[in-house]
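The numbers here are math on the coordinates, done by the rules we state, and not lab data. All values reported here derive from a predicted model rather than from experimental measurement. As a convention, Cβ positions derive from the backbone with ideal geometry for all residues, glycine included, and neighbour counts pool all protein chains shown.
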Amino acid sequence: MYIGNATHIKYSFGLARGKNDKIDSERLCAYAFKNADEIKVTPVLNPVFLKLKDMMTSRSRLLEQKNSIKVYLGEMKLSNSKEMQMIIENAHKAALEGLEASINFVEKQIKQIIKENAEIENNYKLLITVPGIGHLTAVYIICCTNNFICKISGKQLSSYAGVAPFGNTSGTSIKGRHKVHKMANKELKKLLHMGAVSAITHYREFKDYYERKVKEGKHQLSAINAVRSKIALRVVAVINNQAPYVDKYKKAA
């Protein structure tokens, strides 16, 4: 079985009008025939990844519900009296506590799943050694890459996360700036952004790299994006080398 990128397959059809099950089947067969030399069999997916993905999705939904209630209570606080606000907050207290307990339960299950699988646990421990990569980011990357079963490169992970800049020039008429593409995994991009901010704050190597980019004339967000891309490259490097991240600044000291 081959699992391909749906967008790539769709654009390969060229100008296509209308669709139904029969036409889609014919187009997919034509795509497989034309690209037979490039298509490779997708490795068997470990069912554990499905459990992890379901748990991560459950956690995200529970967190959204919790934050939604908190935002609502904050908005009501601006217009309600103290007495009325206390009544409303007490009415939502049990719901918030229940959601918090559910989130903690899901996080325990995630850690248990990782602990029970040696290959996942090994890569997880390697990932969290990279500055800016915490527990949730490491688990999410493992889910997105299926524990790096396809041996992706750092550039591919950066592109997938939407932090790799691409040029936009052609001849003498088109001279656009290098920009990231909007086609990306927005959740992974957000996690890498928070990780980059943390790495800039707490790790000298990334702080110096960020400041050097700013001095070169880069916008602050562009400099942060450079750090995000750097983290993605480090993530793939520690997995490919099967060795934890080494802080060169500390090593030199």
ask   = What are the residues in the range 174-206 that are under 17 Å from Gly154 (Cβ atoms) and exposed (fewer than 14 other Cβ atoms within 10 Å of the Cβ), if any?
value = His181
key: Count - residues of the range 126-138 that are closer than 19 Å to Met55 by Cβ and either of a type in the set (D, E, K, R) or in a loop (DSSP other than H, G, I, E, B) (or both)   = 3
note = Per the filter on the range 101-120, residues touching a helix residue (DSSP H, G or I) at 6+ places or on another chain (Cβ under 7 Å) and either exposed (fewer than 15 other Cβ atoms within 10 Å of the Cβ) or more than 30 Å from His193 (Cβ to Cβ) (or both) are Lys115
task = Select from the range 1-30 the residues that are part of a loop (DSSP other than H, G, I, E, B), more than 20 Å from Pro43 (Cα to Cα) and either in contact with a His (Cβ under 9 Å, 6 or more places away or on another chain) or free of Cβ contacts under 8 Å to residues at least 12 places away in the same chain (or both) and list them in ascending order.
result = Gly14, Leu15, Ala16, Arg17, Gly18, Lys19, Asn20
task = Considering (1) within 27 Å of Ile152 (Cβ to Cβ); (2) loosely packed, with under 10 Cβ neighbours inside 10 Å; (3) basic (Lys, Arg), say which one Lys22 fails and leave the rest.
result = (1)
message = List the helices (runs of 4 or more DSSP H) inside the range 139-253, counting only whole elements, that have at least 3 residues being more than 21 Å from Thr7 (Cβ to Cβ) and not aromatic (Phe, Trp, Tyr).
response = 186-202, 204-215, 220-241, 248-252
message = With the requirement that a residue be among the aromatic types (Phe, Trp, Tyr) and surrounded by 20 or more Cβ atoms within 10 Å (Cβ to Cβ), what does the range 207-235 give you?
response = Tyr210
key: Single residue of the range 136-162 satisfying the filter (among the polar types (S, T, N, Q) and more than 15 Å from Leu126 (Cβ to Cβ)) that is surrounded by the most Cβ atoms within 10 Å (Cβ to Cβ)   = Ser158
Those residues of the range 189-230 which are aliphatic (A, V, I, L, M), out of contact with any helix residue (DSSP H, G or I) (no Cβ under 6 Å at 6 or more places or on another chain) and within 18 Å of Thr137 (Cβ to Cβ), in sequence order = Met194, Val197
key: Matching residues, the range 41-78, being surrounded by fewer than 15 Cβ atoms within 10 Å (Cβ to Cβ) and not in a helix (DSSP H, G or I)   = Val41, Thr42, Pro43, Val44, Leu45, Leu78
task = Can you give me the number of residues within the range 32-59 that are under 24 Å from Ile120 (Cα atoms) and free of Cβ contacts under 8 Å to residues at least 12 places away in the same chain?
result = 5
